[in-house]
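Trainee: Would you mind keeping the following structure in view while I ask a few things?
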Amino acid sequence: MAILRMQDIKKDFWQGGKVLHVLRGVSYQFEQGKTYALVGASGSGKSTLLHILGGLDTPDDGNIFFDNQDIFRLANKDQFHNQHLGFVFQFHYLIKELTVLENIMLMGMIKGSSQQECKSRAHELLEAVDLTDKIASYPEQLSGGQQQRVAVARALFNKPAFLLADEPTGNLDAQSAQRLVELLHDAVRSWGMGLVLCSHDEAVYEKMETVLFMHDGVLIQR
Ligand SMILES: Nc1ncnc2c1ncn2[C@@H]1O[C@H](COP(=O)(O)OP(=O)(O)O)[C@@H](O)[C@H]1O
Ligand SMILES: [Mg+2]
């Protein structure tokens with residue numbers, strides 16, 4: 001089981017000529033097969049932390065290790081992402097020129113899987129997120145919540161070791177949110193995925209084994 005470990009992560013941003021110490025030295029170890037919630041006020045640095053954890057943004061100081069490999073020193077970072085990490089962004093970033101089916105299949109095509117294989121996995125995931133009827137639609141023809149579910153299906157495509165999800169239920173009604181959380185737990189049980197999600201929604205974060213608070217640039221375990 002893989003481990004994703006942050007060590008003394010620091011990040012500042014400049015805003016209006018003033019420095020913001022968003023992350024002041026965050027250390028934590030996430031284990032595969034376990035579930036974690038990151039909670040905290042808006043602007044407390046949850047998204048920043050999640051992006052750095054996944055290697056999408058670089059810290060000013062500190063390191064991220066995936067099974068003791070420094071992820072910022074990997075020769076092939078893209079391949080590492082595609083193989084081990086799934087991402088659900090707060091603003092979902094579906095490719096607008098591609099249909100729902102194509103957006104999901106893309107994850108396998110990048111990896112070199114056959115078209116047939118990709119199609120059948122995409123169908124399976126679309127069924128799981130209850131969007132089979134939108135298979136040929138384009139992202140702009142979907143509601144925010146539907147787009148969010150496509151983004152989740154896409155992130156689960158390659159059975160990532162860790163899924164990093166930024167407010168994945170932010171646009172969903174209570175019932176769809178619960179269904180999505182169940183789908184994520186299925187992935188945890190099925191292939192031992194580690195789940196790290198940011199959420200404001202108590203009904204969502206209460207279902208995670210560990211709840212971590214971002215406050216004043218550090219993480220506090222409840
Ligand atoms: N690229 C950026 N440039 C400047 N400031 C940023 C940038 N990204 C985030 N911030 C600031 O850092 C703080 C944390 O942002 P964020 O991580 O998005 O918080 P959260 O996800 O908890 O709402 C906020 O004050 C935000 O305005
Ligand atoms: Mg955020």
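The values are calculated or read from the model by the stated rules, or taken from the named source; none is laboratory data. Worth saying up front: this structure is predicted, and the values here are computed from it rather than measured. We place every Cβ from the backbone using ideal geometry, glycine too, and count neighbours over all the protein chains shown. Calculation scope for accessible area: heavy atoms of the full protein, side chains included, ligands and nucleic acids excluded. Shrake-Rupley method; radii C 1.70, N 1.55, O 1.52, S 1.80 Å.
Trainee: Which of the numbered conditions does Phe65 fail, given that it passes all the others? Conditions: (1) away from ligand 1 (no atom under 12 Å from the Cβ); (2) of a type outside the set (Gly, Ala, Ser); (3) assigned to a strand (DSSP E or B); (4) open to solvent by less than 30 Å² (accessible area, probe 1.4 Å).
Mentor: With (1) away from ligand 1 (no atom under 12 Å from the Cβ); (2) of a type outside the set (Gly, Ala, Ser); (3) assigned to a strand (DSSP E or B); (4) open to solvent by less than 30 Å² (accessible area, probe 1.4 Å) applied to Phe65, the lone miss is (4).
Trainee: Same structure, new question: Answer yes if at least one residue in region 28-39 is near ligand 1 (Cβ under 10 Å from one of its atoms), touching a residue at least 12 places away in the same chain (Cβ under 8 Å), more than 17 Å from the chain's Cα centre (by Cα) and more than 20 Å from Ile71 (Cβ to Cβ), and no otherwise.
Mentor: no
Trainee: Might you check whether a residue that is in contact with a Ser or Thr (Cβ under 7 Å, 6 or more places away or on another chain), within 16 Å of ligand 1 (Cβ to nearest atom) and among the polar types (S, T, N, Q) occurs anywhere in region 86-104?
Mentor: yes
Trainee: Separate question: Which residues, counting only those in region 28-53, are assigned to a strand (DSSP E or B) and open to solvent by 70 Å² or more (accessible area, probe 1.4 Å)?
Mentor: Correct list: Gln29 only.
Trainee: Here's another thing I want to ask about it. Within region 70-81, is even one residue farther than 27 Å from Glu206 by Cα, touching a residue at least 12 places away in the same chain (Cβ under 8 Å), part of a helix (DSSP H, G or I) and among the β-branched types (Val, Ile, Thr)?
Mentor: So far as region 70-81 goes, yes, one or more of its residues are farther than 27 Å from Glu206 by Cα, touching a residue at least 12 places away in the same chain (Cβ under 8 Å), part of a helix (DSSP H, G or I) and among the β-branched types (Val, Ile, Thr).
Trainee: If I ask for residues that are surrounded by 18 or more Cβ atoms within 10 Å (Cβ to Cβ) and of a type in the set (Lys, Arg), which ones from region 154-204 would you list?
Mentor: Arg154
Trainee: Of the residues that sit in region 1-27 and are of a type in the set (Gly, Ala, Ser) and assigned to a strand (DSSP E or B), which one is least open to solvent (accessible area, probe 1.4 Å)?
Mentor: The qualifying residue least open to solvent (accessible area, probe 1.4 Å) is Gly25.
For (1) assigned to a helix (DSSP H, G or I); (2) more than 16 Å from ligand 2 (Cβ to nearest atom), each residue gets a yes or a no:
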| site | (1), (2) |
| --- | --- |
| Thr169 | no, no |
| Ser176 | yes, yes |
| Leu180 | yes, yes |
| Asp186 | yes, yes |
| Val196 | no, no |
| His200 | no, no |
| Lys207 | no, yes |
| Met214 | no, no |
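Trainee: Taking Phe91 and the conditions (1) more than 16 Å from ligand 2 (Cβ to nearest atom); (2) open to solvent by 30 Å² or more (accessible area, probe 1.4 Å), which numbered condition does it fall short on, given that it satisfies the others?
Mentor: The single condition Phe91 does not satisfy is (1).
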